[in-house]
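> Encoded as structure tokens, here's the structure I'll be asking about.
The values are calculated or read from the model by the stated rules, or taken from the named source; none is laboratory data. These figures come from a predicted structure and were not determined experimentally. Cβ: placed from backbone, ideal geometry, glycine included. Neighbour counts: every protein chain shown.
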Protein chains: 2
Amino acid sequence: MTSPMYTASVPVLRQLLNSLLAILDKAEAHVNDKKIDANALLQFRLFPDMLPFTRQIQIAADFAKGAGARLAGQDVPSYEDNEKTFAELKARISKTLAFLDTLPASAFDGAETRAITTGSGEKTKHWVGQTYLHHYALPHFFFHVTTAYNILRHNGIEIGKKDYIGTF
Amino acid sequence: MTSPMYTASVPVLRQLLNSLLAILDKAEAHVNDKKIDANALLQFRLFPDMLPFTRQIQIAADFAKGAGARLAGQDVPSYEDNEKTFAELKARISKTLAFLDTLPASAFDGAETRAITTGSGEKTKHWVGQTYLHHYALPHFFFHVTTAYNILRHNGIEIGKKDYIGTF
């Protein structure tokens with residue numbers, strides 16, 4: 001039987017990352033269509049001390065690879081945060097999806113109680129897999145996906161809840 | 001052993017609903033402090049065709065009680081959508097938390113494969129519990145919690161990611 005820790009993570013992360021890919025396509029088409037400076041969206045923040053759109057996407061992708069890798073007992077691959085265009089953000093998500101595809105479901109057996117460490121220095125936190133996934137990684141992941149979506153909606157991009165939920 | 005369907009749902013829903021309670025307290029304090037018309041926040045939308053703050057809270061609460069009830073094999077209690085103040089929205093969330101507290105973890109045994117129906121008429125959908133929870137109920141729940149949070153942040157309420165994550 002597939003581990004419930006796999007069922008609750010990788011296929012869900014994949015669903016929402018694929019939604020982001022489709023949403024980024026629509027945002028890029030909107031920008032081209034209206035001849036808008038892409039940075040007006042890529043650097044948009046819902047409030048001055050919130051993170052801009054590009055960071056929301058990067059962090060969503062990071063929580064996806066972090067959750068997948070840690071629950072599978074692997075090192076978390078390190079990606080640079082150097083994306084400056086819609087195409088580069090899509091590549092970042094595609095790279096994250098490709099990484100999730102390398103994780104065999106069987107590696108998640110027993111991940112409920114796997115010891116997981118996040119952060120470093122004073123910010124180091126110790127978890128068991130189950131708490132890490134349900135109470136930390138997924139809530140943060142959904143937060144950044146939704147905030148990216150909300151930034152685009154606030155700027156008039158024609159997307160809807162169906163684009164967020166995507167296909168599964 | 002506690003069912004993974006319980007572990008992945010009720011304690012997580014409770015975490016974020018409690019976050020919403022604390023966030024609503026801060027929003028209410030802000031409104032009182034600045035002598036703002038509460039409806040300026042309660043009816044605020046991030047874009048004209050998005051739902052206002054009050055509906056985001058109501059729908060988040062609905063996904064919580066819907067997920068809890070359906071996975072536990074119970075009828076979903078019906079609550080009126082008549083909240084008009086911060087106090088009433090907090091009461092709606094507290095009522096939802098009290099309902100989740102009535103669900104014994106043992107009722108979630110085998111919920112992975114439980115047949116679940118949502119919607120009615122042409123919008124009727126049939127699920128098994130696992131797909132319903134991970135790919136539909138939780139993504140929608142987090143969407144509405146985050147959008148409520150983003151509406152407040154966009155309006156300058158001093159809350160942060162810690163308020164969203166809350167305690168667990």
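> Checking the conditions here, which among B:L20, B:L97, B:L103 is outside any helix (DSSP H, G or I), surrounded by 13 or more Cβ atoms within 10 Å (Cβ to Cβ) and at negative phi? Working first, answer last.
Numbers: B:L20 fails: outside any helix (DSSP H, G or I); B:L97 fails: outside any helix (DSSP H, G or I).
Exactly one of B:L20, B:L97, B:L103 is outside any helix (DSSP H, G or I), surrounded by 13 or more Cβ atoms within 10 Å (Cβ to Cβ) and at negative phi, namely B:L103.
> Within region A:24-40, is even one residue within 13 Å of A:A148 (Cα to Cα), free of Cβ contacts under 8 Å to residues at least 60 places away in the same chain, of a type outside the set (V, I, T) and out of contact with any helix residue (DSSP H, G or I) (no Cβ under 6 Å at 6 or more places or on another chain)?
For region A:24-40, residues within 13 Å of A:A148 (Cα to Cα), free of Cβ contacts under 8 Å to residues at least 60 places away in the same chain, of a type outside the set (V, I, T) and out of contact with any helix residue (DSSP H, G or I) (no Cβ under 6 Å at 6 or more places or on another chain): absent.
> Starting from residues that are closer than 15 Å to B:N18 by Cβ, of a type in the set (F, W, Y) and crowded, with 17+ Cβ neighbours inside 10 Å, keep the ones in region B:121-168 and report whichever is nearest to the other protein chains (Cβ to nearest Cβ).
Looking at residues that are closer than 15 Å to B:N18 by Cβ, of a type in the set (F, W, Y) and crowded, with 17+ Cβ neighbours inside 10 Å, I get B:F142.
> Which of the following residues is within 17 Å of the chain's Cα centre (by Cα), over 30 Å from B:T131 (Cα atoms) and at pLDDT 95 or above: B:D25, B:D81? I'd like the intermediate steps shown before the answer.
Working: B:D81 fails: over 30 Å from B:T131 (Cα atoms).
The conditions single out B:D25.
> Go through the residues of region B:101-110 one by one and say whether even a single one is under 14 Å from the mean Cα position of the chain (by Cα) and closer than 26 Å to B:I165 by Cβ.
no
> Is at least one residue of region A:66-76 under 16 Å from the mean Cα position of the chain (by Cα), without any contact (Cβ under 8 Å) to a residue 60 or more places away in the chain, assigned to a loop (DSSP other than H, G, I, E, B) and more than 13 Å from chain B (Cβ to nearest Cβ)?
The answer is yes, given that some residue of region A:66-76 is under 16 Å from the mean Cα position of the chain (by Cα), without any contact (Cβ under 8 Å) to a residue 60 or more places away in the chain, assigned to a loop (DSSP other than H, G, I, E, B) and more than 13 Å from chain B (Cβ to nearest Cβ).
> In addition: Only one of (1) among the polar types (S, T, N, Q); (2) away from chain A (no Cβ under 14 Å); (3) more than 24 Å from B:T2 (Cβ to Cβ); (4) touching a helix residue (DSSP H, G or I) at 6+ places or on another chain (Cβ under 6 Å) is not met by B:T96, so which one is it?
Unmet condition: (3).
> Could you count how many residues in region B:84-94 are part of a helix (DSSP H, G or I) and farther than 17 Å from B:L13 by Cα?
Here the count works out to 3.
> Shifting gears a bit: What single numbered condition from (1) assigned to a helix (DSSP H, G or I); (2) more than 14 Å from chain A (Cβ to nearest Cβ) fails to hold for B:H30?
(2)
> Taking A:G110 and the conditions (1) touching a residue at least 40 places away in the same chain (Cβ under 8 Å); (2) surrounded by 13 or more Cβ atoms within 10 Å (Cβ to Cβ), which numbered condition does it fall short on, given that it satisfies the others?
Failing condition for A:G110: (2).
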